[in-house]
Amino acid sequence: MFRLNLKIALRNLWKNKSFTLINIGGLSIGLASCMILLLYVKYEWGYDKQFTNYKNTYIIYTNHDTGTDKTSYAWTPALLAPELKAKIPGVKYASHSSYPEAHLIGNGENSFKTNAVFADNDFLKMLDYKFLQGNPDQALQKVNTVILTATLAKRLFGNEDPINRSVKLDNQDVLKVEAVIADLPKNSSIQFEYLLPWVLFENKNPWMKDAGWQAMICLTMLQLDDEKTFGAASQLIKSIYERSDPKSGNEALLHPLSKWHLYADFQNGKSVGGKISQVKTFFLLAFCILLIACVNFMNLSTAKSEKRAKEVGVRKVIGSTRKMLIAQFIVESFLLTILGLILAFILIEASIPYFNQLLNTDLIIDYTDWTSWTALMVLTLFTGLIAGSYPAFFLSSFEPVKVLKGFGKAGGSSLPVRKILVVFQFVFAACLIICTTVIYQQINYIKDKPIGYNKDNLMEINLVGALQGEGKFKLLKEQLLKTGSVTSVASFSRSINRMGQRAFNISWPGKPKNGDILFNYRFAGYDFIKTIDAGIIMGRDFSANFNDEKNVLLNQTAVKVMGLKHPVGSMIKWGDGNVTIVGVVKDFVIESPFEKTLPMIIGHNDNNSAVAVLRLSPDQNLSNSIAQIDAVVNGINPGFPVERKFVNDNFEEKFNNEKQLGIVANWFGGFAIFISCLGLLGLALYMAEQRKKEISIRKVLGASNINILSLLNKDFIKLVAIANLIAFPAAYVIVSKWLSNYDFRVPITLIPFCAALLISLVIASLTVSIQSVKVAKSNPVDALKYE
Amino acid sequence: MIELKNIEKYYANKGVKSYILRHVTASIKQGEFVSIMGPSGAGKSTLLNILGMLEEPTYGQYEFMGEDITSLNERKRIELYRNHIGFVFQAYHLIDEMTVAENIEAPLLYKKVSGAERKSRVADVLDRFNMVAKKDLFPNQLSGGQQQLVGIARALVAQPSVILADEPTGNLQSAQALQIMDLFKKLNQEEGITIIQVTHSEVNAGYGSRILHLLDGVIKEDVTVEQTV
Ligand SMILES: Nc1ncnc2c1ncn2[C@@H]1O[C@H](COP(=O)(O)OP(=O)(O)O)[C@@H](O)[C@H]1O
Ligand SMILES: [Mg+2]
């Protein structure tokens, strides 16, 4: 019986090739989309969970009371880790480590600039990376050692044994390779290619020694003995700042390592989610797309009902029970699902490298993992049942007498149900179109928002190696300006688009008690404001004509929060020294363009800067300019590759998260629409079949092709329009919720809604027309003859 | 084997009852060959459908092989289909996706006949109907007469006690029609299968042993056919 059912199912599929193709196509795209999204969700969900004891491992956040609310960030003083380990019972390990930063590492012949982290031995105890060579117990203790990842070891030493070989850090420190670890999984928050001892960090930055409790310079991570100690320990740790530095108003907060990536947003000192909402959205999207594909399947299968009705009637009178018929239809739907699944695998394997590149992820189908197989089985079963059950119950319910008597319309018409299903599909599709449009609108809005400086034609050169030397920057500046490719050059203490360098240690006349404010602080050389082309509101830029050693610039926000009436010329206190404000700069964006600008103070320093900022001359040919710049930099600093980057590119990176969301919404929204259209095509096929006779009669009575076409399309247009109306309020809620995450947001206009209506209507009528043109043009005799 | 007592059938449409069958009482014995005749719309098909339990009468009593059909559940009815009743339709109603052999085999599958037995029975029937060469063809590759032969073969293969045929030759040319009638007569006489057919043709009715004349839902005449052939 089963074999015959299978055989008949196959014949049926073969006979209705276009139906089968539409069906399998829709199903496979749905399944593939669903699986890729689920892989992505699994990947994001697995962030930082590779480590044995991740459950007891925490990141220390600093909550700072700004007076109005609290800001939270995972930056801490270097003194915190030892203090925690010494004073808090239940703390097993506590580590201080730097945030990943690119350093130059070389083997004497080749050098590479790649990410390094300075950390201590406890760091390795908590994040138990896989050691391929060397001993984790003793690693990172001696000052002149380094741990490489497998890839970097290979790059530096090829197939030779890297252990005990020497490498040179920043062309300066000679280090011995003491261990090699496996490459880090991409879904690990801390990304580096080599690990350096914390002591080396301290040696390289001697000022750190007396940085004290106010300097938020590192990441502190700790591990507790077990979960039970969490309550007591977190209570004690909360007030650790107060005990060490009573006037700071800071609190320490334990944030689980496993939540670091997905729950990174803090409001008023509490974790309020973050990327998790995006992950949840994708999870939901995965099932919605699958559901849409299932709906499609139902639509198409029941659309064939006219054809299947006779078979059902006959089978019933020769002794088939309803159950047997249901079984037969379910067999058919599983067959289709499995075919769809096979095609889905091909689609996934073909598209996953593309998605990985797009999303910067490391998604793979792990064929050796039983959980993925179980998930797959469940998914197949789910799809087969959802997709197959409605057609099975619907078709098997036909009463033989009605069918066999030739009363045509078998059983109750399934059309209303099908219309509802199509509306459901298009509600979803329209929502996705609206959301996608708003995401892109938001990105563009933020991009077009004035950022306060001119980032076009602005280049940064990392000052490394010899460029760091005394007087070298001055030389560089002179030579660059001489080439004529550059109109202005200034030094800056940090790449313009990089975060970090924040401090509280600024006081001014009239500052309230406990009124510490978090400032972004930077150091800039002469002509900085001129180079980046930011606006000066009051006062002046740093200039070689003055002695600016004890002078600072403030941004507008700083002046506002400090409440200074006459900022220029005022004396304020920065750390232990007094400085004079010589200029006020219009706010310019150096951190997230989505958020309000922090107050910023810029001190003057022409040495020890991280980057040189170059304004390229617009009159010069770009590649010429670059060649000239490279020549100058190489001349001064021969050992290093020239590290230059356009500020524009750096700025683009700030949109990665939103772009990613946009891409996913775009792609999968596209798929959803495509699948929905397949469903619509199915419905159109069905309608055309049902109305063949009516149309023929109308044609005999004199209706033109256009009349028929509009008659057929009208109903569908109505369905799609209704779907849009339902989608609008839903999409509005979703979109406003998403936008509320941003300080600056594009106003919600009618455009996305009109776009959704227009796109869905156009696509839908095109789809339907494929079918209705055929019907409209057909010869009426063909249909009437058989009545 | 079949007892109809006072069968009534009407459709209520906006409170107006339109009667299809009125006071139909009849008794058909095992081995009879009955033809139901009458003008179009007289209720012939409805009567046959009631006999085949495809429709339920509004009133009246129907006994099939001593069992009261009105109180029969779905399971029992399917059992009757499997073991006692074979249908033959004017439009043949073969399953298009199945070959000739598979169409014939289908009722046996539902009856859960063993594989070997199925094979031999299907082979038997094919042989008898001279269709061995066509067993792997699909219905649309056959002529109307051939399709109806397959339809009859399918009705027969489960060895039913009664065959219900609604205008079995309605779509056929007269030569083919006569072939089918010959077959019915042979089945009736040699195997004792009860046959009830609806027909418009006096000639076809002549093959049977008894004619029920139906007019506006009422049996007007119940005549026994003189066996001339
Ligand atoms: N479901 C129904 N609803 C209303 N009237 C019906 C229905 N089925 C059959 N009829 C009517 O019953 C009458 C008898 O039908 P039928 O038994 O098919 O006649 P015959 O087979 O003798 O031509 C017809 O007039 C037909 O219109
Ligand atoms: Mg009839």
Summed over the other residues with a beta carbon less than 14 angstrom from that of B:GLU3, with K and R at +1 and D and E at -1, the charge totals -2
Two pseudo-spin positions, 7 Å from Cα along C-beta at A:LYS565 and at A:ASN205, lie apart in nanometres by 4.1 nm
Measuring from its Cα centre, the range A:54-260 shows a charge dipole (+1 at each Lys and Arg Cβ, -1 at each Asp and Glu Cβ) which, in debye to the nearest 20, is 140 debye
Accessible-area order for B:LYS112, A:LYS168, largest to smallest, probe 1.4 angstrom, reads B:LYS112, A:LYS168
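Which order do peptides B:12-21, A:467-476 fall in by mean Cβ count within 10 Å, highest first?
A:467-476, B:12-21
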Between the alpha carbon centres of the range A:170-187 and the range A:539-610 the gap in Å comes to 38 Å
Note on the range A:458-653, DSSP bridge orientation, antiparallel percent to nearest 5 equals 75 percent
Within the range A:310-404, DSSP-loop chymotrypsin sites (Phe, Trp or Tyr not before Pro) with at most 16 other C-beta atoms within 10 Å are A:TYR367
The simple spin-label model distance between B:ARG75 and B:ALA91, using points 7 Å out along Cα→Cβ, in nm, is 3.3 nm
Dipole check, the protein assembly as shown, charges on Cβ (K,R +1; D,E -1), about Cα centroid: among A:SER625, A:ALA286, A:SER351 the Cα furthest to the positive pole belongs to A:ALA286
Within the under-13-Å Cβ sphere about A:SER188, not counting A:SER188, Lys/Arg +1 and Asp/Glu -1 give a net charge of -3
For A:LYS176, the aspartates and glutamates lying under 19 Å Cα to Cα, once residues fewer than eight places off in the same chain are dropped, come out as A:GLU109, A:ASP120, A:ASP137, A:GLU160, A:ASP161, A:GLU193, A:GLU202
Checking rank on A:227-239, A:140-152, with mean other Cβ inside 10 Å and highest first, the result is A:140-152, A:227-239
Between B:VAL88 and residues 5 or more places away or on another chain, the pairs with built amide H atoms under 5 Å apart involve B:LEU164, B:ALA165, B:ASP166
Expressed in square angstrom to the nearest 10, the accessible area of A:LYS774 with a 1.4 Å probe stands at 130 Å²
The simple spin-label model distance between A:LYS573 and A:TYR367, using points 7 Å out along Cα→Cβ, in nm, is 6.9 nm
Counting only residues 5 or more apart in sequence or on a different chain, those whose built amide H sits under 5 Å from that of A:PHE523 are A:SER493, A:ARG494, A:GLY603
Phi-derived 3J(HN,Hα) across the range A:615-624 with the Karplus relation (6.51, -1.76, 1.60, θ = phi - 60°), rounded Hz, x for Gly and Pro, is 9, 6, 6, x, 7, 9, 5, 4, 5, 4
Note, the range A:136-146: 3J(HN,Hα) by Karplus (6.51, -1.76, 1.60, θ = phi - 60°), whole Hz, Gly/Pro = x, goes x, 5, 9, 5, 6, 9, 8, 5, 9, 10, 8
For chain B, whose charge dipole is built from +1 on Lys and Arg Cβ atoms and -1 on Asp and Glu Cβ atoms, the candidate among B:GLN173, B:GLY206, B:GLN30 with its Cα farthest towards the positive end is B:GLN30
Put A:TRP75, A:TRP508 in order of accessible area, largest first, probe 1.4 Å, and you get A:TRP75, A:TRP508
Projected onto the charge dipole of chain A (unit charges on the beta-carbon of Lys, Arg, Asp and Glu, signs +1, +1, -1, -1), the Cα from A:TYR73, A:LEU37, A:LEU750 with the largest positive-side position is that of A:LEU750
Per the rule of 0.36 nm per residue minus the C-alpha distance, extending A:ASN657 to A:ASN634 adds in nm 4.7 nm
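Give, in nm to one decimal, the length gained when the segment between A:ALA86 and A:TRP14 is fully stretched (0.36 nm per residue of separation minus the Cα-Cα distance).
18.5 nm is the gain from fully extending A:ALA86 to A:TRP14.
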Rounded to the nearest 5, the percent of antiparallel DSSP beta bridges in chain A equals 80 percent
For the range A:458-653, the dipole about the Cα centre with charges only on Cβ (Lys and Arg +1, Asp and Glu -1), to the nearest 20 debye, works out at 620 debye
Karplus ³J(HN,Hα) for the range A:387-402 (6.51 cos²θ - 1.76 cosθ + 1.60, θ = phi - 60°; Hz, whole; x = Gly/Pro) runs 6, x, 5, 5, x, 4, 6, 5, 5, 6, 8, 4, 8, x, 4, 5
So the FRET efficiency between A:ASP183 and A:ASP649, C-beta based with R0 = 30 Å and rounded to 0.05, is 0.70
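So if I place +1 on the C-beta of Lys and Arg and -1 on the C-beta of Asp and Glu, and nothing else carries charge, what would the dipole magnitude of the protein assembly as shown be about its Cα centre? I want it in debye, nearest 20. Could the numbers behind the result be given before it?
Numbers: 107 positive and 92 negative charges, 375 e Å.
Here the size comes out at about 1800 debye.
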Sorted by accessible surface (1.4 Å probe, heavy atoms of the protein chains only), largest first, A:CYS754, A:CYS435 come out as A:CYS754, A:CYS435
Here the gain from full extension of A:ASN444 to A:SER710, 0.36 nm per residue of separation minus their alpha-carbon distance, amounts to 91.9 nm
Charge tally for neighbours of A:ALA116 with beta carbon under 11 Å away, counting Lys, Arg as +1 and Asp, Glu as -1, is -2
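The values are calculated or read from the model by the stated rules, or taken from the named source; none is laboratory data. Everything quoted here is computed from the prediction, not taken from an experiment. Glycine also receives a Cβ, built like all others from the backbone with ideal geometry; neighbour counts cover every protein chain displayed. The area values use the complete protein model at the heavy-atom level, side chains included, leaving out ligands, DNA and RNA. Shrake-Rupley method; radii C 1.70, N 1.55, O 1.52, S 1.80 Å.
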